[in-house]
Amino acid sequence: MVWMSRPVFRPRAKANLYRNLIIIFIILCLVCEGVLFLQVVRDYSLTMLQMTMLILPWFFTPCIAVFYFKYRIWSAGAEGEEKVAEVRAL
């Protein structure tokens, strides 16, 4: 009997990519807000850079939503392919 490894499915890799992008954007938003909060607590004033950091997460939110929907689509496709592969293996 030939040893066969579990096949790597392209949809699973794509789903993982979108999941990782979601995590990166969320971390980026939290870092921006954290730095802004620390700066405001220390100085009680906002510079133009800090105003930009305040607005930046509002631009990331639609990206997170789009990546989440794409993640769900690719994840569902990957689950389907994995189930088909299991049935074929039997």
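Checked against (1) in contact with an Asp or Glu (Cβ under 7 Å, 6 or more places away or on another chain); (2) exposed (fewer than 11 other Cβ atoms within 10 Å of the Cβ), D43 meets all criteria but (1).
Please state which one of I55, I24 is hydrophobic (A, V, I, L, M, F, W, C), out of contact with any helix residue (DSSP H, G or I) (no Cβ under 9 Å at 6 or more places or on another chain) and surrounded by 12 or more Cβ atoms within 10 Å (Cβ to Cβ).
Values: I55 fails: surrounded by 12 or more Cβ atoms within 10 Å (Cβ to Cβ).
Step by step, each of I55, I24 is checked, and only I24 is hydrophobic (A, V, I, L, M, F, W, C), out of contact with any helix residue (DSSP H, G or I) (no Cβ under 9 Å at 6 or more places or on another chain) and surrounded by 12 or more Cβ atoms within 10 Å (Cβ to Cβ).
The residues of the range 35-87 that are over 28 Å from R19 (Cα atoms) and either in a helix (DSSP H, G or I) or within 17 Å of the chain's Cα centre (by Cα) (or both), listed by number, are L38, Q39, V40, V41, R42, D43, M48, L49, Q50, M51.
We did not get these values from a lab; they are worked out from the coordinates using the rules stated. As the structure is a prediction and not an experimental result, all values here were calculated from the model. All Cβ positions, even for glycine, are placed from backbone atoms using ideal geometry, and neighbour counts span all protein chains on display.
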